[in-house]
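Contents: one structure, followed by commentary.
The values are calculated or read from the model by the stated rules, or taken from the named source; none is laboratory data. Computed from a prediction, not measured in an experiment: that's the story for all the values here. We place every Cβ from the backbone using ideal geometry, glycine too, and count neighbours over all the protein chains shown. Accessible surface areas use protein heavy atoms only, side chains included; no ligands, DNA or RNA. Shrake-Rupley method; radii C 1.70, N 1.55, O 1.52, S 1.80 Å.
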Amino acid sequence: MGTADSSSVAFATSALLCILTSASQFRLHIPTMRPKKLCFFTFTFFTLSVFRVDSTQPPFSCDSSNPSTKAFPFCETTLPINQRARDLVSRLTLDEKISQLVNSAPPIPRLGIPGYEWWSEALHGVSSAGPGIHFNDNIKGATSFPQVILTAASFDAYQWYRIGQAIGKEARALYNAGQATGMTFWAPNINIFRDPRWGRGQETPGEDPLVTGRYAASYVKGVQGDSFEGGKIKGHLQASACCKHFTAYDLDNWKGMNRFVFDARVTMQDLADTYQPPFKSCVEQGRASGIMCAYNKVNGVPSCADYNLLSKTARAQWGFRGYITSDCDAVSIIHDDQGYAKSPEDAVVDVLKAGMDVNCGSYLLKHAKVAVEQKKLSESDIDKALHNLFSVRMRLGLFNGHPEGQLFGNIGPDQVCSQEHQILALEAARNGIVLLKNSARLLPLSKSKTKSLAVIGPNANSGQMLLGNYAGPPCRFVTPLQALQSYIKQTVYHPACDTVQCSSASVDRAVDVAKGADHVVLMMGLDQTQEREELDRTDLLLPGKQQELIIAVAKAAKNPVVLVLFSGGPVDISFAKNDKNIGSILWAGYPGEGGAIALAEIMFGDHNPGGRLPMTWYPQEFVKVPMTDMGMRPEASSGYPGRTYRFYKGRSVFEFGHGISYSKYSYELTAVSQNTLYLNQSSTMHIINDFDSVRSTLISELGTEFCEQNKCRARIGVKNHGEMAGKHPVLLFARQEKHGNGRPRKQLIGFQSVVLGAGERAEIEFEVSPCEHLSRANEDGLMVMEEGRHFLVVEGDEYPISVVI
């Protein structure tokens with residue numbers, strides 16, 4: 001225990017900043033498009049590349065040196081964007097209009113408009129997974145932050161904002177350098193991590209709607225150039241963020257059911273309090289400029305053809321102002337696979353009338369003109385979509401002439417992989433890594449007393465594994481093995497398995513290596529061969545012979561071993577949790593380019609871990625639950641256990657929010673500014689009697705003024721009883737005294753991180769809004785507040801608030 005050794009920290013930082021890795025080492029994961037569509041995308045991307053190849057100039061419209069474009073009102077920056085977009089659309093022929101409805105929009109030379117690529121990716125760093133970004137010898141890579149699930153484990157919204165901010169700056173720098181043909185990035189993924197087997201759960205902020213919504217808003221504001229509080233940009237975008245996949249999408253390919261044809265049957269109650277809130281936050285608080293509609297149907301209607309979802313909910317109710325894109329080929333499947341539309345033309349009509357604007361794919365390009373000729377589709381429907389599309393491009397400044405000297409025009413290549421951004425990536429990994437177990441305070445290991453180290457496992461010397469999916473070439477990285485070698489020179493390495501699949505294991509050799517070392521670190525878990533887009537897991541155990549290897553090595557080692565798990569989704573490691581030979585367990589997610597150094601710092605006491613799990617870790621028996629069952633709430637009659645910490649009634653390996661530290665923290669709810677809330681019945685208020693005799697009233701009938709006036713403050717004292725300073729997330733929950741009838745067991749209503757020195761105490765405040773935090777969704781999907789006792793809960797401390805009608 002003690003303070004950080006300065007030489008170790010200096011080495012770690014210099015290693016992060018100086019060890020270069022060629023981008024050619026990386027096999028980028030590009031989202032799979034369906035084979036019958038590949039020809040179109042290859043051709044379109046090729047033609048766009050030829051149009052822009054070797055150009056160091058960013059693509060833009062309204063060149064002030066071109067006299068032919070000066071007279072166009074759409075180039076007049078003093079006019080409102082709505083007026084400019086309307087003028088531009090009015091000048092297009094029908095063929096030109098239709099050509100702009102696909103992700104690879106071709107140039108319109110007669111108007112001085114370059115081609116535009118709507119599809120770019122930036123899930124946890126600017127990536128070349130979409131065709132809009134091109135890395136070359138000028139800018140070779142971008143900062144690769146931890147995969148989102150690990151970033152979420154910090155429960156630090158401001159850090160999420162800073163990551164978004166860094167990604168947005170690097171995206172704009174690539175555009176200014178002529179290495180981007182689009183500035184619309186299809187991130188964040190804010191679907192709820194509903195089922196632990198989902199291969200894309202790693203891309204999300206986890207299972208909680210509040211966390212996911214806060215992550216969405218924070219990331220989007222950062223990317224788009226807004227302030228953390230919001231309201232700064234006034235329409236101008238640094239880059240455009242896109243909330244995906246709208247909605248109730250969280251199954252890729254499980255036991256013969258795939259995302260293209262899956263019909264997610266979701267109750268109004270679950271939509272209201274689980275699936276929709278993150279998107280509502282992304283739009284209302286984040287002011288996202290893009291939404292992606294999902295492949296799947298929801299209650300029989302394809303998401304991209306759902307007028308209620310896209311136009312009534314997103315645009316009318318939430319006030320969305322931006323463009324809506326399909327997922328890639330999501331329009332074609334509406335006719336070709338789902339059979340929802342009777343003809344290709346009908347599919348085109350369905351999506352455009354529903355409110356979708358651009359098709360990732362070729363379907364609109366192929367079939368929209370015929371739909372117009374058949375009088376199924378009016379040109380005004382196309383104009384509406386184009387107005388949304390060109391408005392976003394104008395908000396990005398792409399119709400303001402050369403970007404040099406304009407807002408965001410001074411962001412240069414030096415902003416990509418800057419020291420500031422790489423340190424942020426390291427910090428995010430430090431704050432996200434979760435200490436799951438630490439028996440007899442095995443960690444941190446002593447730098448002076450540990451003379452030899454054995455590092456064993458298939459994930460110990462892999463750089464690609466650290467990145468997760470949708471990753472671009474990173475600035476640089478070190479592997480976990482290299483990071484540990486920087487602390488202990490006498491480090492012996494043995495992979496024990498050829499791959500993470502570990503179908504055969506060199507157990508005897510690994511045992512021999514372990515016997516000769518003071519301490520043993522096992523680097524195990526998953527990688528993208530086990531979980532990714534289009535690959536859901538079928539069980540929750542470690543692959544192959546990993547468990548057998550871990551048990552044998554732990555039994556043979558001189559001291560209890562350290563087990564490090566890399567994964568996006570949860571793993572049932574009950575055996576390790578209960579094995580006295582396994583002293584410590586760390587979950588490292590996929591920690592990005594700085595992750596290995598962060599892990600080594602934690603293991604040797606140069607950083608005090610503070611991450612907490614953003615998802616429940618379920619036992620293997622959970623695989624009996626059909627992944628296709630979208631229900632969140634348990635059903636006693638069928639034995640269905642429910643999902644996520646809010647409703648799940650079964651056994652957990654580790655609970656949502658679990659995470660320990662080298663320090664012990666205590667909590668005290670010191671004050672709440674009110675303990676009774678009176679809902680005075682009026683002549684217009686409807687009192688609802690549930691079947692379990694609990695009365696409630698609709699939040700919508702209480703009114704905005706009532707809800708604002710009854711907000712209160714909860715003050716929580718937090719003390720660090722340890723010998724090390726630490727950053728600690730404090731989670732505040734609410735629960736009702738009355739259980740059952742679809743009520744959550746508890747629900748997170750706020751979280752904050754506090755940094756405390758050894759022995760230090762501080763008080764933090766939470767705003768509690770009873771209309772938001774003490775309400776729940778009823779079976780009709782309406783938010784209600786119920787009479788009776790509610791409790792604010794932080795760790796084991798509770799404070800009652802009574803609601804009286």
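Could you grab the pairs with beta carbons closer than 6 Å, sequence gap of 6+ or different chains, first residue in segment 399-418 and in contact (Cβ under 8 Å) with a residue 12 or more places away in the chain, second one in a loop (DSSP other than H, G, I, E, B) and open to solvent by 60 Å² or more (accessible area, probe 1.4 Å)? That search, which allows pairs on different chains as well, returns 400/77; 401/64; 407/236.
Let's see how each residue does on (1) part of a helix (DSSP H, G or I); (2) free of Cβ contacts under 8 Å to residues at least 24 places away in the same chain; (3) not acidic (Asp, Glu):
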| residue | (1), (2), (3) |
| --- | --- |
| 364 | yes, no, yes |
| 367 | yes, yes, yes |
| 376 | no, no, yes |
| 385 | yes, no, yes |
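Any idea which residue in segment 774-784 is nearest to the chain's Cα centre (by Cα), counting only those that are of a type in the set (A, V, I, L, M) and in a strand (DSSP E or B)? So the residue we want is 777.
Taking the residues in segment 309-338 that are assigned to a helix (DSSP H, G or I) and touching a Phe, Trp or Tyr at 6+ places or on another chain (Cβ under 8 Å) as candidates, determine which candidate is farthest from residue 276 (Cα to Cα).
So in segment 309-338, the residues assigned to a helix (DSSP H, G or I) come out as 309-317, 332-336.
Keeping just the survivors that are touching a Phe, Trp or Tyr at 6+ places or on another chain (Cβ under 8 Å) gives 309-310, 314, 332-334.
Values: 309: 10, 310: 12, 314: 10, 332: 25, 333: 23, 334: 22 Å.
My answer is 332.
Number of residues in segment 337-352 that are open to solvent by 10 Å² or more (accessible area, probe 1.4 Å) and over 16 Å from residue 300 (Cα atoms) equals 5. Answer with yes or no whether residue 159 is open to solvent by 10 Å² or more (accessible area, probe 1.4 Å), assigned to a helix (DSSP H, G or I) and not acidic (Asp, Glu). When the stated conditions are applied, residue 159 does not pass them.
Among the conditions (1) over 24 Å from residue 429 (Cβ atoms); (2) in contact (Cβ under 8 Å) with a residue 60 or more places away in the chain; (3) of a type in the set (A, V, I, L, M), residue 471 misses just one, which is (1).
Tell me yes or no: at least one residue of segment 737-746 is over 19 Å from residue 647 (Cβ atoms) and open to solvent by 10 Å² or more (accessible area, probe 1.4 Å). Outline the logic, then answer.
Filtering segment 737-746 down to residues over 19 Å from residue 647 (Cβ atoms) leaves none.
There is no residue in segment 737-746 that is over 19 Å from residue 647 (Cβ atoms) and open to solvent by 10 Å² or more (accessible area, probe 1.4 Å).
Quick check on segment 506-528: of everything there that is of a type in the set (Asp, Glu) and surrounded by fewer than 19 Cβ atoms within 10 Å (Cβ to Cβ), which residue is nearest to residue 599 (Cα to Cα)? My answer is 518. Being under 30 Å from residue 443 (Cβ atoms) and of a type outside the set (Lys, Arg) is true of residue 659. Looking only at segment 292-308, residues that are within 24 Å of the chain's Cα centre (by Cα) and not in a loop (DSSP other than H, G, I, E, B) come to 7 in all. Taken residue by residue, segment 262-281 has at least one member that is assigned to a strand (DSSP E or B) and within 24 Å of residue 200 (Cα to Cα). Going through (1) among the hydrophobic types (A, V, I, L, M, F, W, C); (2) part of a loop (DSSP other than H, G, I, E, B); (3) open to solvent by less than 10 Å² (accessible area, probe 1.4 Å) one by one, residue 233 falls short only on (3). Of all residue pairs spaced 6 or more apart or on separate chains, those with beta-carbon atoms under 7 Å, a first member in segment 302-322 that is hydrophobic (A, V, I, L, M, F, W, C) and open to solvent by less than 20 Å² (accessible area, probe 1.4 Å) and a second member that is assigned to a loop (DSSP other than H, G, I, E, B) and modelled with pLDDT of 95 or more are 304/330; 304/331; 304/356; 305/340; 309/247; 310/355; 310/356; 314/320. Checking the stated criteria, residue 632 turns out not to satisfy the condition of being touching a Gly at 6+ places or on another chain (Cβ under 6 Å), touching a residue at least 40 places away in the same chain (Cβ under 8 Å), crowded, with 16+ Cβ neighbours inside 10 Å and within 16 Å of residue 206 (Cα to Cα). Annotation for segment 188-204: no member residue is open to solvent by 10 Å² or more (accessible area, probe 1.4 Å), in a helix (DSSP H, G or I) and touching a helix residue (DSSP H, G or I) at 6+ places or on another chain (Cβ under 8 Å).
Exactly one residue out of 548, 531 is touching a residue at least 12 places away in the same chain (Cβ under 8 Å) and buried (at least 21 other Cβ atoms within 10 Å of the Cβ): that is 531.
Output yes when any residue across segment 456-467 is at positive phi and among the hydroxyl-bearing types (Ser, Thr, Tyr), and no when none is. Working first, answer last.
Taking segment 456-467 as the starting set, the residues that turn out to be at positive phi are 457.
Now restrict to residues that are among the hydroxyl-bearing types (Ser, Thr, Tyr): none.
The answer is no, given that none of the residues of segment 456-467 is at positive phi and among the hydroxyl-bearing types (Ser, Thr, Tyr).
Here's the yes/no breakdown for (1) touching a strand residue (DSSP E or B) at 6+ places or on another chain (Cβ under 8 Å); (2) among the hydrophobic types (A, V, I, L, M, F, W, C); (3) farther than 30 Å from residue 379 by Cβ; (4) surrounded by 21 or more Cβ atoms within 10 Å (Cβ to Cβ):
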{"residue": "101", "(1), (2), (3), (4)": "yes, yes, no, yes"}
{"residue": "106", "(1), (2), (3), (4)": "no, no, no, no"}
{"residue": "112", "(1), (2), (3), (4)": "no, no, no, no"}
{"residue": "120", "(1), (2), (3), (4)": "yes, no, no, yes"}
{"residue": "132", "(1), (2), (3), (4)": "yes, no, no, yes"}
{"residue": "142", "(1), (2), (3), (4)": "yes, yes, yes, yes"}
{"residue": "149", "(1), (2), (3), (4)": "no, yes, yes, yes"}
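Of all residues in segment 136-153, those satisfying the criterion of being within 15 Å of residue 187 (Cα to Cα) and in a loop (DSSP other than H, G, I, E, B) are 144, 145, 146, 147.
Please indicate, with yes or no, whether at least one residue in segment 223-230 is without any contact (Cβ under 8 Å) to a residue 12 or more places away in the chain and either in a loop (DSSP other than H, G, I, E, B) or open to solvent by less than 10 Å² (accessible area, probe 1.4 Å) (or both).
At the first step, the residues of segment 223-230 found to be without any contact (Cβ under 8 Å) to a residue 12 or more places away in the chain are 227, 229.
Pick out the ones that are also either in a loop (DSSP other than H, G, I, E, B) or open to solvent by less than 10 Å² (accessible area, probe 1.4 Å) (or both) and you get 227, 229.
Within segment 223-230, one or more residues are without any contact (Cβ under 8 Å) to a residue 12 or more places away in the chain and either in a loop (DSSP other than H, G, I, E, B) or open to solvent by less than 10 Å² (accessible area, probe 1.4 Å) (or both).
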